[in-house]
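Right, one structure below, let's go through it.
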Amino acid sequence: MSTTITAAVLHTLSSDFSVQQLCLREPLHDEVLVEIAGSGICHTDIKVSQGYAGVPLPVVLGHEGSGKVLQRGSEAGDIEVGDHVVMSFPSCGCCRQCSTGHPAYCDQGQQLSFSCQPLHGLPAFSNAEVQIHGTFFGQSSFASHALVSRRNLVRVDKQLPLSLLGPLGCGFQTGAGAVLNVLQPAPATSIAVFGAGNVGLSAVMAAKIAGMDPVIAIDRNPERLATAIRLGASHVIDSNVDTDLADSILRITSAAGVDYAVDTTNMPAIIRAAFASLANRGTCVHSGGGGKDICIDGSHLLHGRTITGVIQGDSVPAGFIPQLLAYYQAGVFPFDTLLQMYPIERINEAVADMRSGRVIKPVLRSMN
């Protein structure tokens, strides 16, 4: 039996989302029907809405969902009706990357996330006019309900505020994981975080948790720099004022440079500055993506400096999301202070607020 749901549908590139009623089929095999409590809006959703990755249209986007399990397929394992879950990225579970604890680099990850191919050969959505594509990132969580594979799900404590937890499935685990999973810094090592959006600010919080010092945040938005200070940055740099970012970081570090840098901007000039700000044998992690050419000064490589990319914080969501929630409950990872809630009917306003920088992380709540 199908379920009538509310969903935000993107019909054409660079257009507004259309909130409409769709029919969602019942879960099969390892699938689970989740009633969405909240879904974060990620910059990847916005990029895809403008043509990134060639996602087929029309489509229901969204990949930072959380909610309650309403139905489950016969092969959904230990997930039960009534469980509260966070929905994270898809992975095959079988390839070399998945089997060695790096599902964010799954050999099938790109296909599973962006192809919107029907799970088990059957489209998720139907209506009388046109086929709507679903299973974006294995979720399509810009909706009141979603069909999700068991492998995408992380069960969470029912006492936690469920509608707030979805962004842990992508943005917050990306920034925190870049620090805690990829860099794994020793206490008192130094870091510069370029960009104070949700990914950068989660990296700042993770750096404070790891005992790093100094923790330097760089952005052009003074309000976000103030937020970075509140969340644990020891120093901030306003890139509108200090245009030579590497030189500013060298001044803060008494010419030593930082042990680590995290770039979230996807801007080649900023990535070059991040690399140039490193100490000898320092590491820069780039999390922006997007495929732009990055040119760096090769002479820096002679000093043992490295640059690497990261997807989803190189996390195993089933273990890392509970770790982040434990930090949240301990009061040292207050990601909830970065959220702004919107009903799904106001999705276009939420997207506009995010693109303008007025809101760090908008979260959609279904009115159902």
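The values are calculated or read from the model by the stated rules, or taken from the named source; none is laboratory data. Just so we're clear, the structure is a prediction, and the values are computed from it rather than from any experiment. Note: ideal-geometry Cβ built from the backbone for every residue, glycine included; neighbour counts use all protein chains shown.
Worth pointing out:
- If you go through the range 238-267 and keep only what is under 21 Å from the mean Cα position of the chain (by Cα) and of a type outside the set (Asp, Glu), you end up with TYR260, ALA261, VAL262, THR264, THR265, ASN266, MET267.
- Against the criterion of being in a strand (DSSP E or B) and either in the same structural domain as LEU147 (by TED's automatic domain parsing) or among the aliphatic types (A, V, I, L, M) (or both), SER15 does not qualify.
- Residue in the range 87-107 that is part of a strand (DSSP E or B) and touching a residue at least 12 places away in the same chain (Cβ under 8 Å) present: yes
- Exactly one residue out of ALA128, ALA143 is closer than 14 Å to LEU24 by Cβ and either modelled with pLDDT under 95 or touching a Ser or Thr at 6+ places or on another chain (Cβ under 7 Å) (or both), and it is ALA143.
- Subset of the range 53-100 that is touching a strand residue (DSSP E or B) at 6+ places or on another chain (Cβ under 9 Å) and of a type in the set (Gly, Ala, Ser) - its residue that is nearest to ASN348 (Cα to Cα): GLY62
- Strands (runs of 3 or more DSSP E) completely within the range 265-362 that count 2 or more residues being at pLDDT 95 or above, under 30 Å from ALA8 (Cα atoms) and not aliphatic (A, V, I, L, M): 339-343
- Listed conditions (1) touching a residue at least 24 places away in the same chain (Cβ under 8 Å); (2) assigned to a strand (DSSP E or B); (3) out of contact with any His (no Cβ under 8 Å at 6 or more places or on another chain) are all met by THR4, apart from (1).
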